[in-house]
Amino acid sequence: MRVIHVAPTPFGREGLFGGGERYPLELARALAAEVDCELVTFGVRPRVVVDPSGLRVRILCTWTRLWHHPAHPVAPSLPAALRGADIVHTHHLHSTPSRVAAVTARLSGQWLAVTDHGLGGGDWGGLLPRLFHRFLAVSQHSAQTLRAPAHRTAVIYGGADPHRFHPDGADGRDGVLYVGRLTPHKGIDRLIRALPVGARLTCAGTAGHDPRPPANGYLPLLRRLADGRQVTFPGEIPDDQLPLLYRRAQVLVLPSVHQTCYGRQVALPELLGLCVLEAMASGTPVVCSRLGGLPEVVRDGETGFLVTPGDVDELRDRLATVLGSPGLAARMGRAAREVALERFTWQACAARCLAAYEELSG
């Protein structure tokens, strides 16, 4: 079986440091250990890179980006790059590469699967979804949102590498951690307001790519809210240093919201939350909003706490509970690690994905 994954934006400095970019890379890495798998993505210089895991990453030259959006690169060489694949698996249903790959694969008689990560867009009057043979969703919530036929949908979730993300058994966990893009729908402004007195907060990540107001003023807003509090913004964290952040934190927080501080409604704030899985694998309890796919991952009161999106008082109360109860935090962390090992490794995700592939090709 030869499988080609198509991701519009690579993970890293040449693309974006986000879950929608990490997911295709990590899944393709896990699949490459089982089948002939290649990841196709886009950049300024065409080349083929062999990942340390053995995965081939083919980077196609981007001629332009529609609407100057990173998820819509245009590369005329994409159809040729898909030749020879038994299965083409695209990411971000509505991205330009997914659309091009869908038409190409259908014309070539290839099997076609897609995993959506929340990018909006039109569906060609209902034609676009009908091109795909399988919808491989990251959560039950994502599957319901896509409204794809049940017989063509499988939930494969996502994962974390338990060898990279693990507890070290050492003392010295300290403070609250947020990992992700610093964008309004992540609710970081609420998190800063909810920070208990004396608590430390590290907001690891970079600002979003939206240059338009008011979103382009979000990071300055966060810095103003953090004035007088123990809040740091270390910016981009090298990938090899990220596991240490999780291991050293007392709690990870993902406070995403349906309505931003600017009043904007967000339809799909969290389909899964890879940072939650990475924290759980690290033995770190999680406090996150009760929305999207997060309740499918976090067991309220067992591996962490679920809170009402945007409720600053409830978030503060739950944070104070975890920070003030080391025994409870340790029990939650151990339970979180056990759940991650049982359900949310990339190997488990790849196995669910392969089962869906075999239904197609078998």
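If you put +1 on each Lys and Arg Cβ and -1 on each Asp and Glu Cβ, how big is the dipole of the stretch 19-118 around its Cα centre, in Debye rounded to 20? Please report the intermediate quantities before stating the final value.
Details: 10 positive and 8 negative charges, 82 e Å.
Computed charge dipole of the stretch 19-118: roughly 400 debye.
About the Cα centre of the stretch 279-360, what is the dipole size in debye to 20, counting +1 per Lys and Arg Cβ and -1 per Asp and Glu Cβ, all else neutral? Write out the running numbers ahead of the final one.
Working: 9 positive and 11 negative charges, 57 e Å.
The calculation lands at about 280 debye.
Gain in length, Arg290 to Ser361, computed as 0.36 nm per residue apart minus the alpha-carbon separation, to one decimal in nm? Could the numbers behind the result be given before it?
Numbers: separation 71, 0.36 × 71 = 25.56 nm, distance 3.74 nm.
Gain in length upon complete extension: 21.8 nm.
Could you grab the relative contact order for the chain? Cα pairs under 8 Å, six or more apart, rounded to a whole percent. Mind dumping the intermediate values first?
Values: 768 pairs, mean separation 54.7, N = 362.
The value is 15 percent.
Output the relative contact order of the stretch 176-343, whole-number percent, from Cα pairs under 8 angstrom with separation of 6+ residues. The partial results should precede the final answer.
Numbers: 321 pairs, mean separation 40.7, N = 168.
Computed over the stretch 176-343, the figure is 24 percent.
What is the extension gain from Arg106 to His69, computed as 0.36 nm multiplied by their sequence separation minus the C-alpha to C-alpha distance, in nm to one decimal?
Numbers: separation 37, 0.36 × 37 = 13.32 nm, distance 2.56 nm.
Length gained between Arg106 and His69: 10.8 nm.
Quick one, can you get me the convex hull of the C-alpha atoms of the chain expressed as volume per residue in Å³? Let's see the in-between values first.
Working: hull volume 46.7 nm³, N = 362.
Residue-normalised Cα hull volume stands at 129 Å³.
Given bins 5 angstrom wide, list per bin the percent of all Cα-Cα distances in the stretch 176-343, short to long.
So the P(r) values, bin by bin, are 1, 9, 19, 23, 22, 15, 7, 2, 0, 0.
Mind telling me which of Val50, Val287, Val114 comes out most flexible in a GNM of the chain, alpha-carbon contacts under 10 Å?
Result: Val50 has the largest fluctuation of those listed.
Considering all projection directions equally, how large on average is the shadow of the alpha-carbon convex hull of the stretch 134-235, in square nanometres?
Values: hull surface 39.3 nm².
The Cα convex hull of the stretch 134-235, projected and averaged over all directions, gives 9.8 nm².
List the longest stretch of the chain that has no exposed loop site; here a site is one of the trypsin sites (Lys or Arg not before Pro) assigned by DSSP to anything other than H, G, I, E or B, with at most 11 other Cβ within 10 Å. If you can, show how the numbers build up before the last one.
Numbers: sites that count: Arg13, Arg83, Arg147.
Value returned for the longest uninterrupted segment is 148-362.
For the stretch 8-89, state the semi-axes of the equivalent ellipsoid (square roots of 5 times the eigenvalues of the alpha-carbon gyration tensor), sorted largest first and rounded to whole angstrom.
Values: eigenvalues 83, 47, 24 Å².
That gives 20, 15, 11 Å for the three semi-axes.
Go through the stretch 254-362 and name the chymotrypsin sites (Phe, Trp or Tyr not before Pro) that are in a DSSP coil and have 14 or fewer other Cβ atoms within 10 Å of their Cβ. Show your work: numbers first, answer last.
On the way: sites: Tyr262, Phe305, Phe344, Trp346, Tyr357; in loops: Tyr262, Phe344.
Sites meeting the loop and neighbour criteria: Tyr262.
Among Cys61, Cys349, Cys203, which one moves the most in a GNM of the chain with springs linking Cα atoms closer than 10 Å?
Cys61
Read the figures in this text as sums done on the coordinates, not as results from a lab. The shown structure was predicted, so the numbers you read here are calculated from the model rather than taken from an experiment. Backbone-built Cβ (ideal geometry, glycine too); neighbour counts: all protein chains shown.
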